[in-house]
Amino acid sequence: MLYGLDIGGTKIELAVFNEQQQAITSKRIPTPTDSYDTFLSSIQQLISDMDAELSVKGKVGIGIPGFINPSTGLVQCANVPCTNGKPLQADLERVLERPIKIENDANCFALSEAVGGAGDNAGTVLGLILGTGFGGGIVMDKKLHDGENNLAGEVGHTPLPWRVFQLTGDDFPIVQCGCGMHGCLDSYLSGRGLELIYQYYSKETRKGKGIVELYRNNDTVAKKSVDTYCELLASSLGALTNTLDPGAIVFGGGLSNFSELYELVPPLLKKYALSNGKLPEIKKAVFGDSGGVRGAAMLNI
Ligand SMILES: [Zn+2]
């Protein structure tokens, strides 16, 4: 049995799949955030209960909203503060009495879509989350590409293309990102990014959903904002396409539900990517919100 654990700031979800990747059962518990010992023992209890229920010793894969530094083994995870700076993998392997695999949750999302998801037919899949942030994962031949520091796929912390000022104007805001750098795509291609672009044009604050609604009602400023967002997204995808030559680019996160993206972005990608062959298909994630926990389970296939 394949156990996937998705650790979030408020809840931990366990989903179980058989070796044929069929969903068997799932369970949720609140994330203990105050004490690391409670955090470890809650996961131990969750897994041992499931082992007992299914009379197996499941293979455990875990998705976390953070990173493990491969040289120190220590976790960086702002959303689950009690795990910060802890050797999470070693500690969980000790309490669960088995080897485990841990990955960043965006990587788990990408793997889930590459294995039985929207990118199942592609050799190289780029999974991108257009949500609270902009991040992603790279899967080649059904295996995650982690890089030397587990940072592969961190496309949100690459800079805006220079064309941004042509598209917008010289006073378009270049904001500082949480990572410390300025002008990171994370600030512009996330849901916040669409809101920032709309605010720049309209001088009004509006949530992403409201902007999409206005766009669908042919509002001129919303249309200009969506057009700029799509150009920035397509030019960033162009750079990624020229780097990775993927067969499929799969979108997840809140903005992936903005169905017009799948018509607006592909023609723009032609402008920004070398196209000696076939450009990647741009698709919506099949597994939606359950992609992270499913991908965590698929770490052990
Ligand atoms: Zn950044």
Net charge near LEU111 (other residues with Cβ under 14 Å of its Cβ; Lys, Arg +1; Asp, Glu -1) is -3
For the pair ASP37 and ALA90, the simple spin-label estimate (label points 7 Å beyond Cα toward Cβ) gives in nm 1.9
Along the dipole axis of the chain (charges at Cβ: +1 for Lys and Arg, -1 for Asp and Glu; origin at the Cα centre), the most positive-end residue among LEU46, GLY252, LEU144 is GLY252
Candidate cut points under GluC sites (Glu not before Pro) in region 1-87, DSSP loop plus at most 16 other Cβ atoms within 10 Å of their own Cβ, are GLU19
Checking PRO32, PRO161, PRO70 against a Gaussian network model of the chain (alpha-carbon springs below 10 Å), the top fluctuating residue turns out to be PRO70
For region 152-238, listing chymotrypsin sites (Phe, Trp or Tyr not before Pro) in a DSSP loop whose Cβ sees at most 13 other Cβ atoms within 10 Å gives TRP162
Measuring from its Cα centre, region 121-284 shows a charge dipole (+1 at each Lys and Arg Cβ, -1 at each Asp and Glu Cβ) which, in debye to the nearest 20, is 360
Computed curve, the chain, Cα-only Debye sum without solvent term, log₁₀ I(q)/I(0) at 0.15, 0.16 Å⁻¹, is -1.15, -1.25
Here the membrane-span-like helices of the chain, with no claim about any membrane, defined by DSSP H, Cα axial extent at least 20 Å and mean Kyte-Doolittle at least 0.0, are 36-54, 220-244
Debye calc, one equal point scatterer per Cα of region 121-284, no solvent, log10 I(q)/I(0) at q = 0.14, 0.20 1/Å comes to -0.69, -1.39
Rounded to the nearest Å, the spacing of the alpha-carbon centers of region 57-88 and region 21-53 is 15
The distance between the Cα centres of region 138-165 and region 170-223, in whole Å, is 22
FRET efficiency (LEU167, ASN79; Cβ distance; R0 45 Å; to 0.05) is 0.85
Sorted by chain and then number, the residues having a modelled amide H within less than 5 Å of the amide H of ILE12, at least 5 places away or on another chain, are ILE29, THR31
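All of the numbers you see were taken from the coordinates with simple rules; none came from a lab. Since this is a predicted model, take the numbers as computed values, not measurements. With ideal geometry, Cβ positions are generated from the backbone for all residues, glycine too; neighbour counts draw on all protein chains shown.
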